[in-house]
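Contents: one structure, followed by commentary.
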Amino acid sequence: MPDLIGAVALLIWGLRLVKTGVIRSFGVRLRKWIGAGTRNRLLAFGVGLLATLALQSSTATALMTASFAGSGFMSSMMAQAIMLGANVGTSLITRILAFDLHFLAPLMIAAGVFAFGFSRSKPAKGLSRAVLGLGLMLLSLRLLSQATEPMQHSHVLVALMASLDAVPVLAVIVAAVLAIAASSSLAIVLLAMSLAASGTVTPALGIALVLGANLGGAIPPVLGTLNYGALARRVTICNMLVRLIGCVVVLPFIEIAAGLLSELSHGPEALVVDAHIAFNILLAVIMLPVLRPLSALMRRILPEATEIEGGPRHLDPESLDTPALALAGAARETLRIGDCITRMLQTNLEALRKNDTARSSGIAAMDDEVDRLNSAVKLYLARLNSSALDEKDEQRSNEIIGYATNLEHIGDIVDRNLRDLVDKKIRNQLSFSAEGASEIEELYRVTLENLRLAQSILVTGDVQLARQLVESKVDIRHLEERSAANHMARLRDGMIDSMQTSSLHLDILRDLKRINAHIAAIAYPILKRQGELRESRMVAHG
């Protein structure tokens, strides 16, 4: 049993290495490719299939597709076509891995380790990870085969499998739970294949395990999109429901299916793989023609009202014919982004004060919401008819997009930089000196005040407030310089707390200064129109 657990763990780790390696090497291109391949449902199906063959993970394809659907880049129908292709893709991977290619494992592991050590670029390192992961997967399959071979002589395992064989529903549930725990249907199907090869499971039980693995594999994407809007959740929930319906329909006929596949397949392990492929192809053939009514059904299950709670509230498509109304709605939505950024900064400060990892972990979800709202605002304004806009409306549209973009950059700084710095402080159990903590909190306070000022400027376009915001950059610079100088003085005085948190202190100051630069950008177009800004400097007033 320990050998079996180790082999399964190695298989899951190999899958993870392949997935992360491909994403790091080709993630941007894959996302663009998935986003572009939605002209018709057959093309979308093919894109999903090929993307999953590259990623070795239908979960990764599902999350990418859900993010596109949630941002409005593709319809729910096209997203579902991609998911059907992804499900077939992951079953074809099982067929490829079922071939006896274990002799390639040491070569691929050695090549992956060697290439990773000598690679300098991120794409090259990602590709090396993928090669290493594929080698570990092939090795794990060999270990699985060796670990399951003696199990046919285990009375306990034989009795357990007999119990599952007698109650196929229980077998489906067990396989589904294992797939959820592994976050991979592929790993569980390969485990079932190894058990079948050793004679531990019957053909009917093997098919039941395949059904459970398919059902369980659809649940991690649902969990991963719980905080997304309704458009994104429709993709993953619909995929889960399609697999659930497939399991309910096929389960009563597994004995008949086992008999048919036994005549066609070359051995018990091939039967498991063939059942996996046949199940997903059957679902695709049945569901592709009915995607339109299926998408309509999902809109009723997850209506627009649910979507509005977590997504845009003020982007009314009917207002697009009236630029003034559309711009007002876009501005209100952008103010919501600013409110979310305010909460992110406040949450980050509270986590810093109280060493609260729970608060810190919530920042990532807020940043995802900022990204979704920013994309929604840009897409909405892009749908405005530029020929119908006068010069003033065009300027207003550019101001809103510019401010929303700067807010997105601020969200990224908080999520990727300040959050990591807080986590590092908590993880290493560090404490700032009282003076240092006070200086950092003062800079946070001024940053939040400037953000509130920027929100007012977006609404009013007030020149005096814009001038005040730009002038505050000087105050921020002085605050940062004074705090850095005080920090160095404390280091020279040998204060232990300051020594331990030196890099944290300076990095937080740097990031808050960058955030204030993004905040001040809202004022530049207003001052430029008034002739008060030249070469990024304000004109002096007498």
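The values are calculated or read from the model by the stated rules, or taken from the named source; none is laboratory data. Predicted model, so just to flag it, every value in this text is computed and none were measured. Cβ placement follows ideal geometry from the backbone for every residue including glycine, while neighbour counts extend to all protein chains displayed. Ligands, DNA and RNA are excluded from the accessible area calculation, which covers all protein heavy atoms including side chains. Shrake-Rupley method; radii C 1.70, N 1.55, O 1.52, S 1.80 Å.
The stretch 464-480 and the stretch 415-456 have Cα centres lying 18 Å from one another. Scanning the chain for DSSP H helices at least 27 Å long along the axis (C-alpha atoms) with a Kyte-Doolittle mean no lower than -0.5 picks out 2-36, 76-98, 122-148, 230-250, 268-287, 323-354, 363-382, 434-460, 502-520.
The fraction of all Cα pairs in the stretch 402-463 landing in successive 10 Å bins from 0 to the largest distance is 18, 39, 28, 13, 2, given as whole percents.
A straight line joining the Cα centroids of the stretch 181-244 and the stretch 108-139 runs 28 Å. What is the sum of charges, Lys and Arg at +1 and Asp and Glu at -1, for the other residues whose Cβ falls under 13 Å from the Cβ of ALA257? Summing Lys/Arg as +1 and Asp/Glu as -1 gives -3.
In this structure, the residue pairs whose Cα-Cα separation is over 29 Å, taken from LYS122/LYS424; LYS122/LYS354; LYS392/LYS513; LYS125/LYS513, are LYS122/LYS354; LYS392/LYS513; LYS125/LYS513. Cβ under 10 Å from ALA204's Cβ, ALA204 left aside: what net charge do those residues give with Lys, Arg +1 and Asp, Glu -1? Net charge in that neighbourhood comes out at -2.
What percentage of the solvent-accessible surface of the chain, computed with a 1.4 Å probe over protein heavy atoms, is contributed by carbon and sulfur atoms? Provide the component values of the computation, followed by the final result.
On the way: 15180 of 25070 Å².
Carbon and sulfur together cover 61 percent of it.
For the stretch 233-294, what is the convex hull volume of its Cα atoms per residue in Å³? Could you put the intermediate results ahead of the total?
Values: hull volume 5.3 nm³, N = 62.
With only Cα atoms used, the stretch 233-294 gives 85 Å³ per residue.
Is the stretch 157-199 best put as rounded, prolate or oblate by its Cα gyration tensor, with a ≥ b ≥ c the root eigenvalues, rounded for a/c under 1.5, and otherwise prolate when a/b is larger than b/c, oblate when not? In terms of gyration-tensor shape, oblate.
Using a probe of 1.4 angstrom and keeping all protein chains present, the accessible surface of the chain works out to 46 square angstrom per residue.
Determine the dipole magnitude for the stretch 1-301: charges of +1 sit on the beta-carbon of Lys and Arg, -1 on that of Asp and Glu, nothing else is charged, the reference point is the Cα centre, and the result goes in debye to the nearest 20. Please list the in-between numbers first.
Details: 20 positive and 8 negative charges, 380 e Å.
Here the stretch 1-301 has a charge dipole of around 1820 debye.
Here is the result for the stretch 323-386: no GluC sites (Glu not before Pro) lie in DSSP coil with at most 13 other C-beta atoms within 10 angstrom of their C-beta.
Where Rh is the Kirkwood radius over the Cα pairs of the stretch 320-530, the temperature 37 °C and the viscosity 0.692 mPa s, what D in µm²/s does Stokes-Einstein return? Let's see the in-between values first.
Values: Rh = 18.2 Å.
Roughly 180 µm²/s, to the nearest whole number.
Panel note: the C-alpha atoms of the stretch 357-471, placed on their principal axes, show extents of 58, 32, 15 Å (largest first).
Let me spell out the model: positive unit charges on the Cβ of Lys and Arg, negative unit charges on the Cβ of Asp and Glu, origin at the Cα centre of the chain. What dipole size does that give, in debye rounded to 20? Please list the in-between numbers first.
Numbers: 52 positive and 48 negative charges, 172 e Å.
Using only the charged Cβ atoms, the result is roughly 820 debye.
Taking square-rooted eigenvalues a ≥ b ≥ c of the alpha carbon gyration tensor, is the stretch 181-308 rounded, prolate or oblate, where a/c under 1.5 means rounded and, failing that, a/b exceeding b/c means prolate? If you can, show how the numbers build up before the last one.
On the way: a/c = 3.40, a/b = 1.95, b/c = 1.74.
Verdict is prolate for the stretch 181-308.
Checking (i) 1.06; (ii) 1.00; (iii) 1.15 against the coordinates, the calculated Rg/Rh (Cα atoms, Kirkwood Rh) falls under label (i). A dipole drawn for the chain from +1 and -1 charges on Cβ atoms has a positive end, and of GLY89, LEU241, LEU527 the residue lying farthest that way is LEU527. Taking the inverse of the mean 1/r over every pair of distinct Cα atoms in the stretch 1-301 gives a Kirkwood hydrodynamic radius of 19.4 Å. In the stretch 1-301, a dipole from Cβ-located charges (positive for Lys and Arg, negative for Asp and Glu) runs towards its positive end, and of PHE253, LEU271, HIS102 it is HIS102 whose Cα lies farthest in that direction. Note on the chain: dipole from Cβ charges, positive end direction compared against ILE301, MET366, ALA51; the farthest Cα belongs to ALA51.
Calculated [222 nm] ellipticity per residue, helices only, for the chain: -27000 deg cm²/dmol; basis is -39500 (n - 2.57) per DSSP H run with n ≥ 4, divided by all residues, nearest 500.
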